[in-house]
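The values are calculated or read from the model by the stated rules, or taken from the named source; none is laboratory data. Not measured: the values here are computed from a predicted model. Cβ placement follows ideal geometry from the backbone for every residue including glycine, while neighbour counts extend to all protein chains displayed. Only protein heavy atoms, including side chains, enter the accessible area calculation; ligands, DNA and RNA are left aside. Shrake-Rupley method; radii C 1.70, N 1.55, O 1.52, S 1.80 Å.
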Amino acid sequence: MELAVVKEGEVNVLVPAASLRDPYVASVFYNPRMEVSRDIAVCCLRAYRKLSGRRLRIAEPLTATGVRGIRYAKEVEGVVEVLLGDVNPEAVELARRNAELNGVQDVVKVEKLDANLLLSLNAKPGSRLDAVDLDPFGTPMPFVDSALRALADGGLLMLTSTDAPALCGVYPKVAERHYGGRSLRTEYCHELAVRLIIGALCREAAKHELAIKPLMAYSLEHHFRVCLLIEVGASKASESVNRLGYVSHCYACGYRGLSEGLATYLKPRCPRCENKLAHGGPLWCGPLQNREFIEEVLREVELSSFRLKKKSLNLLRLLLEEASAPPLYYTLDELSHRLKLREPSLMDILQELRLRGFHATRTHFHPKGFKTDAEIEVVEEVFSRLSQVGSKGEG
């Protein structure tokens, strides 16, 4: 296997040279496009460390080259142990070499173990972990139960999903199998994807009397990323389950809405146009972003010297902007297509809605997307008026 040296953050790691051209052809997986996600994950752990005051034992049981876990050992203060695992012997050998290359072999332990086995070996009270990061190819759900059992009270669970076609409604039956919820193909499907993932995590956690508290969730390029706190307690778990529900969407008029409650009644017909509603879920209906946590992560990124720092900052600032926004979002292109009108400026839309007293923000989920608590009739009226003003100005 031909190797190349790659610098990320404060580490230099050996990776298969072929992976720099195509991550999917190399015998050990390394995706350079995930560097921003790894940068943010490092800062999430730094923020968690500051807010919790813990010394950190971390597991990354699907490690491949080891770059993620080695960065945690090297770049996060207070890390006392990082457990890395992989079933691929080439990956295990490469991860060990990378740990030695960066001088963290005393902190980083690399084992040739199945991910669920590695996590289960740390599920006993007194030996549980402070943080687990699941970064698989596809869905993380086969590893979630083991990760939850391995986490201490107040522990941090971070995970990635690259299951976009299933989660975004292209293959709803796959979403049902992987996440126990139905996906919908809508203009705001990337937010629904994140909510489906968190909904599945909430149900898995509740089986063990564990509650979840989402700290950060985002969609970036080809993947979804979720970061949440795990808390022990039956009553807390019940409170989390109470935030589960369903989305109802009308493909005829654009109406959408969330209904909390696993046993809630879902109207069959749209309240706007009487057409049949499509329903998705169960999914998470609560907040996706925690302002205090994201502010701390943002501070950590600002202090960093990451190569792609600007991209991380842009994403985090948008997450902070939409932290207090209502769920779901509209997009200019969908409104333009449905109303058969030209697109006005996104900033003009936001300004007009705010002038009318509504909450209105951009969203990281879509470059032409916005969130607002205005009713859909108001959104359409503002869109139409600004579209016509723009058309007259051009004439």
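Brief remarks follow.
- Among the trypsin sites (Lys or Arg not before Pro) within the range 286-352, those in coil by DSSP and having at most 15 neighbouring Cβ atoms inside 10 Å are Arg307, Lys340, Arg342.
- Cross-link table Lys112/Lys309; Lys7/Lys311; Lys109/Lys309, entries beyond 23 Å C-alpha to C-alpha: Lys112/Lys309; Lys109/Lys309
- Between Ser304, Ala41, Tyr251, the Cα set farthest toward the positive side of the dipole of the chain (charges on each charged residue's Cβ, about the Cα centre) is that of Tyr251.
- Test item: Cα-centred dipole of the chain, Lys/Arg +1 and Asp/Glu -1 on Cβ, debye: 460 debye
- Taking all Cα pairs closer than 8 Å and separated by 6 or more residues, the relative contact order of the range 109-150 comes to 56 percent.
- In loop segments of the range 4-94 as defined by DSSP, the trypsin sites (Lys or Arg not before Pro) with at most 14 further C-beta atoms inside 10 Å of their C-beta are Arg21, Arg55.
- Accessible surface, the chain, averaged per residue in Å² (probe 1.4 Å): 42 Å²
- Among the protein heavy atoms of the range 111-239, carbon and sulfur supply 54% of the accessible surface, probe 1.4 Å, non-protein parts ignored.
- Screening the chain for whole DSSP H helices of 15 Å or more along their axis (Cα) with average Kyte-Doolittle hydropathy at least 0.0 returns 35-52, 189-206.
- Separation of the range 225-272 and the range 300-359, taken as the distance between their Cα centroids, equals 23 angstrom.
- In percent, rounded to a whole number, the relative contact order of the range 140-230 is 34, using alpha-carbon pairs under 8 Å and six or more apart.
- Neighbour-limited loop hits for chymotrypsin sites (Phe, Trp or Tyr not before Pro), the range 1-86 (at most 16 other Cβ within 10 Å; DSSP other than H, G, I, E, B): Tyr24
- Surface composition of the range 255-380: carbon plus sulfur atoms hold 51% of the accessible area, using a 1.4 angstrom probe and ignoring ligands, DNA and RNA.
- Each of Ala205, Leu192, Leu118 was scored by the projection of its Cα onto the charge dipole of the range 109-254, and the greatest displacement toward the positive side belongs to Ala205; charges sit on the C-beta of Lys, Arg, Asp and Glu.
- Considering only Leu20, His359, Pro89, and ranking their Cα positions along the charge dipole of the chain that arises from unit charges at the beta-carbon of Lys, Arg, Asp and Glu, the one farthest toward the positive end is His359.
- Between the amide H of Asn275 and those of Cys270, distances stay under 5 Å, these residues lying 5 or more places away or on another chain, with hydrogens modeled in the peptide plane.
- Among Leu316, Leu121, Leu83: highest mean-square fluctuation, GNM of the chain, C-alpha pairs under 10 Å: Leu121
- Under a Gaussian network description of the chain, with springs only between Cα atoms under 10 Å, the residue in Ile197, Ile58, Ile40 that fluctuates furthest is Ile40.
- The calculated 222 nm mean residue ellipticity attributable to helices in the chain amounts to -11500 deg cm²/dmol, summing -39500 (n - 2.57) over DSSP H runs of n ≥ 4 and dividing by all residues.
- Exposure here means at most 14 other Cβ atoms within 10 Å; with GluC sites (Glu not before Pro) in a DSSP loop as sites, the longest stretch of the chain lacking them is 78-208.
- Percent carbon-and-sulfur accessible area, the range 36-75, ignoring ligands, DNA and RNA, probe 1.4 Å: 44 percent
- For the chain, built as a Gaussian network whose Cα springs stay under 10 Å, the top-fluctuating residue of Ser345, Ser183, Ser248: Ser345
- Take every pair of alpha-carbon atoms less than 8 Å apart whose residues are at least six positions apart; their mean separation over the length of the range 266-342 yields a relative contact order of 26 percent.
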